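Visitor: A single structure is presented below for examination.
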Amino acid sequence: MDGFSMRIPEAVCLGASLTLSGICFYLYRKSRTTVDKLDDAPHFPIDRNLNDILKVTPGACLQYVVIEGAVQPVGETLVSHFHKEITGVLQKYLLRQQRLVWNPFSRTWTDSEKITLQRMNEVPFVLVGSDQTAVKVLCPVQASGTHMEIIHEKFHQVNYSLGDIVGQYLTGEKLKGQLETEEMLKVGKTLTGVGELIMDTDGSLNLRPPSNSSHYFLSIMDFDTLKQEQKDMVLWWKMVAIASVVVGAAVVFSVGWRYYKHLKHRRNLEQARKEFERLTAEASGAPPAGAADDLVENACIICLSNQRNCILLDCGHVCCCFSCYQSLPRHLCPICRQDIRRVVPLYHV
């Protein structure tokens, strides 16, 4: 592609589009696989029949199943720091600092958040069915899904002094305050678990992360809502991937269209050169004046090697050869800088 190259913004945009499309497609396929596995996962109630099913299953293991039961602790429970009447088995405390940061490009203050303190507590717990059959939940922190609810949320606003206000404008940061939240998985809450169900040698049932790398879910939502949430995620990644592909295709089309116009311009220049040489040859009966090898007094003012062999109109200046005229970045006369509307051959007698 002589004389043609991709512009830096086009290359950056195309590279970003391809990268984002690949990442989104990977996440789409991963989410799609998760939804397919959820569709195929059998749904078992927690009762005595679950023990009988596992006894006749090879390895006493069901790789990917869905169960629902009430949360009950194994031993002591966790008590909320702010509501002593609320007990649970999982507890998460967060302290987040909220600030406004000055953006010099957009000339606005933008929100920023930073976690200053995070604490996670857990105690062993089981899911209990209708007939008091229990399934112990292993590694709950590794599970995806909404398995805790906010039971306390309070925003502590900061009071500013005059010195603080001046310092904020100098540093470009405004401290809004701190948001304090406490989340907990309450005792007695109905929990949906999706994972690998196994029976230990002592006959106890355990739910754990799947050994085949499938997604492990614990959610306080019902199974249908959990599955719909994953389907919405699939649709989201699909739309982002399609949008990225469309942007990349638009960049490729833009580059291709520009290359087509570049080739068309070169073709027109070549046709004009051949027509000029034909007219010159017909008029003089000899090779075009620009093909002479010897130096002459009326040499082209641009290349200083070819003979002046064209007249630039409308100004009428004779100052260059036709090859140099075609090489001009803009069709302006080198002498008077007027627009060149057309070019006619100069015949030497």
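The values are calculated or read from the model by the stated rules, or taken from the named source; none is laboratory data. Keep in mind the model is a prediction, meaning the values are calculated, not measured. Glycine gets a Cβ as well: all are built from the backbone with ideal geometry, and neighbour counts include every protein chain shown.
Visitor: Within the range 23-66, count every residue that is without any contact (Cβ under 8 Å) to a residue 40 or more places away in the chain and hydrophobic (A, V, I, L, M, F, W, C).
Guide: Qualifying residue count, the range 23-66: 3.
Visitor: Next question, about the same structure. Pull up the range 117-132, narrow it to residues that are at pLDDT 90 or above and polar (S, T, N, Q), then point me to the one that is surrounded by the fewest Cβ atoms within 10 Å (Cβ to Cβ).
Guide: The selected residue is Q118.
Visitor: Return a yes/no flag: does the range 46-63 have any residue that is surrounded by 12 or more Cβ atoms within 10 Å (Cβ to Cβ), within 30 Å of the chain's Cα centre (by Cα) and part of a helix (DSSP H, G or I).
Guide: Within the range 46-63, none of the residues are surrounded by 12 or more Cβ atoms within 10 Å (Cβ to Cβ), within 30 Å of the chain's Cα centre (by Cα) and part of a helix (DSSP H, G or I).
Visitor: Which residue is farthest from the chain's Cα centre (by Cα), if the candidates are limited to the range 172-220 and must be more than 20 Å from G88 (Cα to Cα) and among the small types (G, A, S)?
Guide: Checking each candidate, the answer is G203.
Visitor: Take residues that are within 22 Å of L54 (Cβ to Cβ) and tell me which of the strands (runs of 3 or more DSSP E) falling wholly in the range 177-276 contain 3 or more.
Guide: So the answer is 190-199, 205-208.
Visitor: Which pairs do you get when a residue that is over 17 Å from P58 (Cα atoms), found in the range 199-223, comes within reach of a residue that is charged (D, E, K, R), reach meaning Cβ atoms under 6 angstrom, with the pair 6+ apart or on two chains?
Guide: R208/E196; S214/K37; I220/K189
Visitor: Name every residue in the range 155-191 that is without any contact (Cβ under 8 Å) to a residue 60 or more places away in the chain and among the aliphatic types (A, V, I, L, M), in order of residue number.
Guide: Passing the criteria: V158, L162, I165, V166, L170.
Visitor: Can you name the residue in the range 70-101 that is of a type in the set (G, A, S) and in contact with a Ser or Thr (Cβ under 7 Å, 6 or more places away or on another chain) and, of all such residues, is farthest from D36 (Cα to Cα)?
Guide: Of the range 70-101, the ones of a type in the set (G, A, S) are 70, 75, 80, 88.
Imposing the further condition that a residue be in contact with a Ser or Thr (Cβ under 7 Å, 6 or more places away or on another chain) reduces the set to 70, 88.
Working: A70: 26, G88: 32 Å.
The residue in question is G88.
Visitor: Something else: Residues that are over 30 Å from D164 (Cβ atoms), loosely packed, with under 13 Cβ neighbours inside 10 Å and over 25 Å from the mean Cα position of the chain (by Cα): does the range 25-39 have at least one?
Guide: Just the residues of the range 25-39 that are over 30 Å from D164 (Cβ atoms), to begin with: 25-39.
Of the ones still in play, those that are also loosely packed, with under 13 Cβ neighbours inside 10 Å are 26, 36, 39.
Now narrow it down to the ones that are over 25 Å from the mean Cα position of the chain (by Cα): 39.
Yes, the conditions are met somewhere in the range 25-39.
Visitor: Select from the range 68-86 the residues that are farther than 16 Å from I150 by Cβ, of a type outside the set (D, E) and either surrounded by 15 or more Cβ atoms within 10 Å (Cβ to Cβ) or under 39 Å from the mean Cα position of the chain (by Cα) (or both) and list them in ascending order.
Guide: G69, A70, V71, Q72, P73, T77 - these are the residues of the range 68-86 that are farther than 16 Å from I150 by Cβ, of a type outside the set (D, E) and either surrounded by 15 or more Cβ atoms within 10 Å (Cβ to Cβ) or under 39 Å from the mean Cα position of the chain (by Cα) (or both).
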